[in-house]
Amino acid sequence: MARSFNTWRRTGTTVPRVQGMVVKTGETFKKGAPVVIDTNGLLVECAAGATAVSGVAMQGAFTGPGYDLSDSSRTNALVQGASAKVSVALADREQEFSAAGFNTAGATQQTPAQTNIGEQYGIAKDANGNWYIDFDNVTDLCVQITDVFIDSKIFAFKFLESVLVSP
């Protein structure tokens, strides 16, 4: 299941609202991870069953220019000129994202059905750091399915208004 969250569509346009945000030291999230601004104003990866989301990371933590230089023993460390920011597709009332859906602790991929539209679920991360809609979690609601793509087994969704945290 190598597919995490991705931007899908936005009301009136196909271009997501993107903002550069400073990542908290020690974060290791991958592209496609749901992220949130912490109490210090720094970007951190959400926890499974998230109840607060600012957006979806469009790149991994500390992957911008100046990190993991090929001719250097310095990795995941700030080098002169490197930026600790990552691009984040902001979650708001108009932005839709896409993801796969799984149940049984991420073991069984869900086949989308028209009846899934409007349903609400939590989110989770597998052992490889990939995020998915967690069909087993109907308690920590985070997303609402807005569309389904049966052939590709992908769900379009919006983050619930109750979990949105503006940067």
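Nothing in this text is a laboratory measurement; each read-out follows from the coordinates by a stated rule. Not measured: the values here are computed from a predicted model. As a convention, Cβ positions derive from the backbone with ideal geometry for all residues, glycine included, and neighbour counts pool all protein chains shown.
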Looking at the range 95-163, send over the antiparallel percent of its DSSP beta bridges, to the nearest 5. 90 percent
Ranked output for segments 129-141, 40-52 by mean other Cβ atoms within 10 Å, highest leading, reads 129-141, 40-52
Could you compute how fast the range 95-163 diffuses translationally, taking Rh as the Kirkwood radius over C-alpha pairs and applying Stokes-Einstein at 10 °C with viscosity 1.306 mPa s? Give it in µm² per second. 135 µm²/s
Based on the alpha-carbon gyration tensor of the chain, what equivalent-ellipsoid semi-axes (square roots of 5 times the eigenvalues) come out, in whole Å, largest first? 28, 17, 14
Using each residue's phi in the range 125-134, evaluate 6.51 cos²θ - 1.76 cosθ + 1.60 at θ = phi - 60° and report the 3J(HN,Hα) Karplus result to the nearest Hz, with x for Gly and Pro. 10, 7, 5, 8, x, 8, 9, 8, 6, 9
How much net charge surrounds G129 when only the other residues with a Cβ under 13 Å from the Cβ of G129 are counted, with Lys and Arg +1 and Asp and Glu -1? +1
With both partners inside the chain, how many of the DSSP beta bridges are antiparallel, as a percent to the nearest 5? 90 percent
Can you list the lysines whose alpha carbon sits under 26 Å from that of K85, skipping same-chain ones fewer than 8 residues off? K24, K30, K31, K125, K158
Karplus-derived 3J(HN,Hα) from phi for the range 84-90 (6.51 cos²θ - 1.76 cosθ + 1.60, θ = phi - 60°), whole Hz, x at Gly and Pro, runs 8, 8, 10, 7, 10, 7, 6
Pop out the ³J(HN,Hα) list for the range 19-28 in order, Karplus 6.51 cos²θ - 1.76 cosθ + 1.60 with θ = phi - 60°, rounded to Hz; leave Gly and Pro as x. 9, x, 10, 7, 8, 5, 4, x, 5, 10
Could you identify which residue out of V18, V56, V143 has the top mean-square fluctuation in a GNM of the chain using Cα springs shorter than 10 Å? V18
The range 95-163: relative contact order from alpha carbon pairs under 8 Å, six or more residues apart, as a whole percent, is 37 percent
For the pair D147 and T13, what calculated FRET efficiency results from E = 1/(1 + (r/R0)^6), where r is the Cβ-Cβ distance and R0 = 22 Å, to the nearest 0.05? 0.85
